[in-house]
Amino acid sequence: MTTNPLEGVLSADQIDALVTAAEDLGEGRNGVEELLARMTRAVLERALETEMSDHLGYESGDPAGQGTGNSRNGKTTKSVQTLQGPVQVTVPRDRNSSFEPVIVPKRARRLGKVEDMILSLYARGMSTRDIGSHLDEIYGTKVSAATISRVTDVIADEVAQWQNRPLESVYPIVYIDAIWLKIRDGGVVVNKACHVAVGVDVEDRKQVLGLWLGTSEGAKFWANVLTEIRNRGAADILILCCDGLTGLPAAVNSIYPQTVVQTCVVHLLRSAMKYASYGARKAMARDMRPIYTAPTVQAAELAMEAFAETWQATAPGAVLAWRNAWEDFTPFLAFTPEIRKVIYTTNQIESINYQLRKITKTRGSFPSDEAAIKLVYLGIRNIETTRGGELGTGTQGWHQALNAFAVQFPNRLPI
C-alpha cells in the first residue's frame, strides 16, 4: 500500500498550534482562511527559493557562487489566485534572467486547480459570470468574466486536435443524431443543429467521433459529415443507426456503399404509439411486438397485415407510420438476435445527448459557433471523466454480438 509522503509531517501539537493561530487571526472561517493564505504564501516562497538555489547551483550567501557568472538579483512581487484566495508572493530573480520557476511560472496568475475548476464549472453549463460569482462566494477569489472566458478559450487547440484526430479503421456500429442549439449569427439568434456521431469499435469502446454545426439536420449534411469521418481513417462502418431521417440511406451509401442503414426501432414504436389513446397503448404495443420480433421479413409482413387490420380504423396514423418506415426498418430482420439487441435502439447516443442538453439548455443563446462547440466538447470531456476516462462500453453481450458481426459481415472486421 502506497503511503502519502505528507502524512505525519505535522504532529497533533503542531496542528493545535495552527488552530490557535487561526483563532488569533480572526473568528471562525475568516481566521482559517487567513492562516491558509499565509501558509500558502510561505510554502510557495520557500519552494521558489529552493528552485533558485537549484538553478544557480548554490544556496543564498554561499561563497561558492562567486565567479559563477550568475547570482540572485532581488525579488519581484506578484499576486496569484489560489483556492485560498489571492496570495501575494515574492519571486526571486537572477542577473541573467534565465530563471524559469515551475511552482509559480512566469506570467501565471492562477495556481493550483483554479483553471481546472473554471473548466469543470463551465462544462456543467454555468455562465462565465456565474462562475465568477461562485469563486468569489466560496473561495473569496475575484475572477472577471473576461478572464474566465480566456481560460475556457485555452481549450480551442484541444478541440481542434480532437475534431481532427485519426479514427479507428472499422466501426461495427455508428449512431448519429443531432441536438438543437440557439446561436447568434449576424446579429440574429438562430437554431442550429449540432450533429453528433458516436462509434462503437471492435473492443466495445464508445467514443464521440466529432461535432458538426449546421443550419438544419439533413441527409446532405450527414453525407458531408461521413465524408470527413472516412477521410480521418474510418474506412468501413458495418451498421449505421439513426432515427429515420428521410434520404439518409442513399446519402450514407454514397460514402459507404456496404453500410447497412437501420432506423431505430424504438423511435418507430414511439411514432406509432402517439396515435393511440392512453388506454389503447398497451394493446397496440402488444400487437406491434410480433412485427419487430419476427424471424423473417415474410413473417414480419404477415404480422404487419394483422396489425393494420386491427388498427386501421381507430389509429390509421400508426399504420401509416409503419408503412412509411418499412424499407428502412426491414434490414433489422436480417440480423441474428445478438446483433438485433445492439441496433434495436439509438439509446447509446441519446443518453449522451440527454446530458449535453442539460448543460446547454441553461444558456439563452451562444455568442458564436465556436462558443457552442466549446461547451459541448467540454460536456463530452466531463462525461468521459465521470465514467473513468471514456464514454463507457457500447452494449451488453458485446462478445456474442461481435462474433455475430464476424459471421454476418465476413472479412470486414480486423479480428
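The values are calculated or read from the model by the stated rules, or taken from the named source; none is laboratory data. Keep in mind that this is a model prediction, so the values were computed, not measured. Every residue, glycine as well, gets a Cβ built from its backbone with ideal geometry; the counts of neighbours run over all protein chains shown. What goes into the accessible areas is simple: the full protein's heavy atoms, side chains included, and nothing from ligands, DNA or RNA. Shrake-Rupley method; radii C 1.70, N 1.55, O 1.52, S 1.80 Å.
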Considering only the stretch 226-245, state which residues are part of a loop (DSSP other than H, G, I, E, B), open to solvent by 10 Å² or more (accessible area, probe 1.4 Å) and either of a type in the set (Gly, Ala, Ser) or within 18 Å of residue 177 (Cβ to Cβ) (or both). 233, 235, 243, 244, 245
With the requirement that a residue be at pLDDT below 85, open to solvent by less than 50 Å² (accessible area, probe 1.4 Å) and part of a loop (DSSP other than H, G, I, E, B), what does the stretch 359-376 give you? 363, 365
The conditions are (1) within 24 Å of residue 357 (Cβ to Cβ); (2) assigned to a strand (DSSP E or B), and residue 222 fails exactly one of them. Which is it? (2)
Output the residue which, of all residues in the stretch 42-63 that are out of contact with any strand residue (DSSP E or B) (no Cβ under 9 Å at 6 or more places or on another chain) and open to solvent by 70 Å² or more (accessible area, probe 1.4 Å), is farthest from residue 104 (Cα to Cα). 63
Selected residue (only one of 206, 192 is modelled with pLDDT under 90, assigned to a strand (DSSP E or B) and not small (Gly, Ala, Ser)): 206
Reported set for the stretch 246-264 where residues are in contact (Cβ under 8 Å) with a residue 24 or more places away in the chain, touching a strand residue (DSSP E or B) at 6+ places or on another chain (Cβ under 8 Å) and not in a loop (DSSP other than H, G, I, E, B) is 248, 249, 252, 260, 261, 262, 263
Matching residues, the stretch 151-169, being modelled with pLDDT under 70 and either open to solvent by 40 Å² or more (accessible area, probe 1.4 Å) or not in a helix (DSSP H, G or I) (or both): 154
Yes or no: residue 281 within 28 Å of residue 222 (Cα to Cα), under 40 Å from the mean Cα position of the chain (by Cα) and open to solvent by 90 Å² or more (accessible area, probe 1.4 Å)? no
Reported set for the stretch 187-225 where residues are closer than 16 Å to residue 177 by Cβ and among the charged types (D, E, K, R) is 192, 206, 217
Any residue at all in the stretch 121-130 that is closer than 29 Å to residue 51 by Cα, surrounded by fewer than 16 Cβ atoms within 10 Å (Cβ to Cβ), modelled with pLDDT of 75 or more and of a type outside the set (Asp, Glu)? no
Tell me which of these residue 102 doesn't satisfy, since it passes every other one: (1) open to solvent by 80 Å² or more (accessible area, probe 1.4 Å); (2) under 43 Å from the mean Cα position of the chain (by Cα); (3) at pLDDT 85 or above. (3)
With the first residue restricted to the stretch 216-240 and required to be over 10 Å from residue 168 (Cα atoms) and in contact (Cβ under 8 Å) with a residue 12 or more places away in the chain, and the second required to be part of a strand (DSSP E or B) and open to solvent by 20 Å² or more (accessible area, probe 1.4 Å), Cβ contacts under 6 Å at 6 or more apart or on different chains are 225/212; 239/260
First in the stretch 165-184 and under 19 Å from residue 235 (Cβ atoms), second anywhere and open to solvent by 10 Å² or more (accessible area, probe 1.4 Å) and of a type in the set (D, E, K, R), Cβ under 8 Å, 6 or more apart: 165/232; 166/232; 167/232; 169/236; 170/236; 170/412; 171/236
